[in-house]
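Visitor: Pasting a structure here, questions to come.
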Amino acid sequence: MSELDKINKNFVEKLNKIKTKEDLQNLKSEFLGKNGFVTNEFKKMSQFNLDQKKEFSIQLNEIKNSINENLSNKLKEIEKDEINKKLSDEKIDITLPIRSQQEGKIHPVSQVIDEISSIFSEIGYSVAEGPDVETEHNNFTALNTPEDHPARDMHDTFYLEKNKRILLRTHTSPVQIRTMQKGKPPFKIIAPGRTYRCDSDQTHAPMFHQLEGLHVDKEITMAHLKGCLNYFIQEFFEIKNIKMRFRPSHFPFTEPSAEVDIGYRIENDKIFIGDGDKWLEILGCGMVHPNVLKNSNIDANKYQGFAFGMGIDRLAMLKYGINDLRSFLKLISDG
Ligand code: PHE
């Protein structure tokens, strides 16, 4: 048997025993690597004359090619075996009990925003938005709030700049200004969003949610305001003839202004909305102050309208029987 035949035989014997990719790689270097058996044969070439060289190199290349082919076939075989093994190992065991899963749910505040938006969209309101970071102008000045108004105080407002120009909006009312400044009347919008005040206890969080409403046109009156809010409250609580009242109040940006209360009673520690002799305040509202229209370049002799603002967290708590505001801020519920 020639030296080359011996090498080939040796290779085939070793190849047949190989089961892993790693061993296959080692075998490859044993024969074709820098000091491999086949490589070393090539180095012998210099000893031969031209004819012998020709002959020898043909044989040697044949062996080299056949080794390469065998190696790549073996690699395919090993990979196929690996896949088959994986498939049979990973069979699903249908007798295993299921793992408990934590299900995601829509946050009650987001759900209530959706509910309120769809109630108002039925009567022609569209949704507007404004940023959480506002200018002092949009949040206070354009809304007719006097320089010395207590709401502007550092204790109530998160200012982001020492000179008080930029702040976290304390209500959604600046969206009224943004809407009126960039469009032309009539306006009929609601604007839900996050609002911020330096306040934190069981019933107040420094970040909370409000929903603003604004309807401005040529002949909008307080009667429209009453009708609109009456419709909304009945739809939201799904209670017909819900007990509600408009209580005179004051906001710098509306005149006249009112707060809306709804009737409720408590029985066996549970709150029942809609009747009873107790009153719960749920929103502020009024006719848009002419100064606010003027500040937004709207002709206050031609146009008038109403605005309202409600606390969404409070409404969500009432509708879904949640009694601690702070549970809205938990990342994962316990139950
Ligand atoms: N912005 C007022 C508040 O935060 C609510 C309000 C909005 C009152 C619009 C009147 C009109 O309390």
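Visitor: Once you charge only the Cβ atoms, +1 for Lys and Arg and -1 for Asp and Glu, what is the size of the charge dipole of the chain about its Cα centre, to the nearest 20 debye?
Guide: My answer is approximately 1020 debye.
Visitor: Okay, next question. Output ³J(HN,Hα) for segment 58-69: one whole-Hz value per residue in order, computed from phi by the Karplus curve 6.51 cos²θ - 1.76 cosθ + 1.60 with θ = phi - 60°, and x for Gly and Pro.
Guide: Per residue, the Karplus-derived 3J(HN,Hα) values read 4, 4, 4, 5, 4, 5, 4, 5, 5, 4, 4, 5 Hz.
Visitor: With each pseudo-label sitting 7 Å past Cα toward Cβ, what's the His224-Glu69 distance in nm, one decimal?
Guide: 8.9
Visitor: Separate question: Checking the a/c ratio against 1.5 first, then a/b against b/c, what shape does the Cα gyration tensor give for the chain?
Guide: Since a/c reaches 1.5 and a/b is larger than b/c, the shape of the chain is classed as prolate.
Visitor: By the scheme Lys and Arg +1, Asp and Glu -1, what is the net charge of all other residues having a beta-carbon under 12 Å from that of Leu214?
Guide: 0
Visitor: Which of rounded, prolate, oblate describes segment 174-273, given a ≥ b ≥ c as roots of the alpha-carbon gyration tensor eigenvalues and a/c under 1.5 marking rounded, otherwise prolate only if a/b is larger than b/c?
Guide: Here segment 174-273 falls in the oblate category.
Visitor: Which pairs break 18 Å Cα to Cα here: Lys188/Lys240; Lys19/Lys74; Lys9/Lys44; Lys9/Lys43?
Guide: Lys188/Lys240; Lys9/Lys44; Lys9/Lys43
Visitor: Still on this structure: As an exercise, use a Förster radius of 45 Å and the Cβ-Cβ distance of Arg326 and Ser29 to find the FRET efficiency, rounded to the nearest 0.05.
Guide: It comes out at approximately 0.10.
Visitor: Counting other C-beta atoms within 10 Å, which of Leu50, Leu60 has the fewest, and how do the rest follow?
Guide: Leu50, Leu60
Visitor: In degrees between 0 and 90, to the nearest 10, how far off the longest principal axis of the chain does helix 21-32 point, with axes built from Cα atoms?
Guide: Tilt of helix 21-32: around 40 degrees.
Visitor: Relative contact order for the chain: what percent, with Cα pairs under 8 Å and sequence separation of 6 or more?
Guide: Answer for the chain is 14 percent.
Visitor: Nearest 500 deg cm²/dmol is fine: what mean residue ellipticity at 222 nm does the chain get from its DSSP H runs of n ≥ 4 alone, each adding -39,500 (n - 2.57), divided by its residue count?
Guide: The helix contribution divided over the chain gives -12500 deg cm²/dmol.
Visitor: Normalising by the residue count of segment 3-89, find the relative contact order in percent from Cα pairs under 8 Å and 6+ residues apart.
Guide: Result for segment 3-89 is 33 percent.
Visitor: Fewest to most neighbouring Cβ within 10 Å: what's the order for Ile67, Ile94?
Guide: Going from least to most buried by this count: Ile94, Ile67.
No value in this document is a laboratory result; all are computed from the given coordinates. This one's a predicted model, so the numbers in the text were calculated from it and none came from an experiment. FYI the Cβ positions are ideal-geometry reconstructions off the backbone, even for glycines, and counts take in every protein chain you see.
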